[in-house]
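See structure below.
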Amino acid sequence: MQHTRLTTEQLDQELIDINEAKRDPKKFNVLYDKYYHVIFVFIHRRTFDEQLTADLSSQVFLKAMLNLKKYEYRGLPFSAWLYRIASNEVSEFYRKHKKQRVVSLETQHLANLGEEVDESEVELKHGMLMELLEQLSPHEMQMIELRYFEKRPFKEVATILNVTENNAKIKVHRLIGKMKKLMKDKINRRS
């Protein structure tokens, strides 16, 4: 899923919609209608369960509506705030139910990540990449998903993870370094 950026005019209109919804909760439906589908897809990619996704999506929008007065515009689309709430809801569900989180992988995702981790023989290393991804913590996997699978800008990754943009860049850079080292170690052990 390629991430699309909003124009300045779209961000301005969104801010108007947010402020109207803050004054009149009935106007929240404009934001709900605009973002329900993308939040549903975001959650579904992490659960592969439609009923669970629908339940979690409902929770996300309920929490967003109840906490809308606390929302502060920071130059990012409103969706970044919704994605952070959605990310927290998914994490909380898996933590509470002690289940392993699902990760949606497509061949192109592996190719993009493979190019970042090791430029040579990417096709041959998909299996190794899968093994590496299984070794990552849920937080590390989320960083990989947001940055490399969903192609989100660092500013949005930072907002979703509730860290600074610089911190998001550093964490992703270190994670790629860790993966490069693990990949080299695997290759050396197999040689």
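Could you say whether any residue in region 18-30 is surrounded by fewer than 18 Cβ atoms within 10 Å (Cβ to Cβ), closer than 24 Å to Arg95 by Cα and in contact with a helix residue (DSSP H, G or I) (Cβ under 9 Å, 6 or more places away or on another chain)?
To start, the set of residues in region 18-30 that are surrounded by fewer than 18 Cβ atoms within 10 Å (Cβ to Cβ) comprises 19-20, 22-27, 29-30.
Now drop any that are not closer than 24 Å to Arg95 by Cα, which leaves none.
Within region 18-30 (the criterion being surrounded by fewer than 18 Cβ atoms within 10 Å (Cβ to Cβ), closer than 24 Å to Arg95 by Cα and in contact with a helix residue (DSSP H, G or I) (Cβ under 9 Å, 6 or more places away or on another chain)), the answer is no, since none of the residues qualifies.
For residues that are in contact with a Lys or Arg (Cβ under 9 Å, 6 or more places away or on another chain) and in a helix (DSSP H, G or I), tally how many sit in region 2-17. Steps first, answer last, please.
Keep residues of region 2-17 that are in contact with a Lys or Arg (Cβ under 9 Å, 6 or more places away or on another chain), which gives 2-3, 14, 17.
Next cut, in a helix (DSSP H, G or I) only: 14, 17.
Adding up the residues that qualify gives 2.
Return a yes/no flag: does region 43-58 have any residue that is over 30 Å from His97 (Cβ atoms) and in a helix (DSSP H, G or I).
Our first condition is that a residue be over 30 Å from His97 (Cβ atoms); within region 43-58, this holds for none.
Checked region 43-58: no residue is over 30 Å from His97 (Cβ atoms) and in a helix (DSSP H, G or I).
May I ask you to say which residue of Glu115, Glu131, Glu106, Glu123 is surrounded by fewer than 17 Cβ atoms within 10 Å (Cβ to Cβ), modelled with pLDDT under 80, within 17 Å of Val41 (Cα to Cα) and of a type outside the set (Lys, Arg)?
Details: Glu115 fails: within 17 Å of Val41 (Cα to Cα); Glu131 fails: within 17 Å of Val41 (Cα to Cα); Glu123 fails: within 17 Å of Val41 (Cα to Cα).
After applying the criteria, what remains is Glu106.
Yes or no, residue by residue, for (1) more than 15 Å from the chain's Cα centre (by Cα); (2) of a type in the set (D, E, K, R); (3) in the same structural domain as Tyr73 (by TED's automatic domain parsing):
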| site | (1), (2), (3) |
| --- | --- |
| Asp17 | yes, yes, yes |
| Glu20 | yes, yes, yes |
| Asp24 | yes, yes, yes |
| Val30 | yes, no, yes |
| Asp33 | yes, yes, yes |
| Phe40 | no, no, yes |
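From the residues in region 39-84 that are surrounded by fewer than 18 Cβ atoms within 10 Å (Cβ to Cβ) and of a type in the set (Gly, Ala, Ser), which one is modelled with the lowest pLDDT?
So the residue we want is Gly75.
Just wondering, is there one or more residues in region 149-168 that are in a helix (DSSP H, G or I) and exposed (fewer than 13 other Cβ atoms within 10 Å of the Cβ)? Walk me through it before giving the result.
Taking region 149-168 as the starting set, the residues that turn out to be in a helix (DSSP H, G or I) are 149, 154-161, 165-168.
With the extra rule that they be exposed (fewer than 13 other Cβ atoms within 10 Å of the Cβ), the set shrinks to 166.
Among the residues of region 149-168, at least one is in a helix (DSSP H, G or I) and exposed (fewer than 13 other Cβ atoms within 10 Å of the Cβ), which makes the answer yes.
The values are calculated or read from the model by the stated rules, or taken from the named source; none is laboratory data. Keep in mind that what you see is a predicted model, and the values were worked out from it rather than measured. Heads up, the Cβs are rebuilt from the backbone with ideal geometry, glycines too, and the neighbour counts pull from every protein chain shown.
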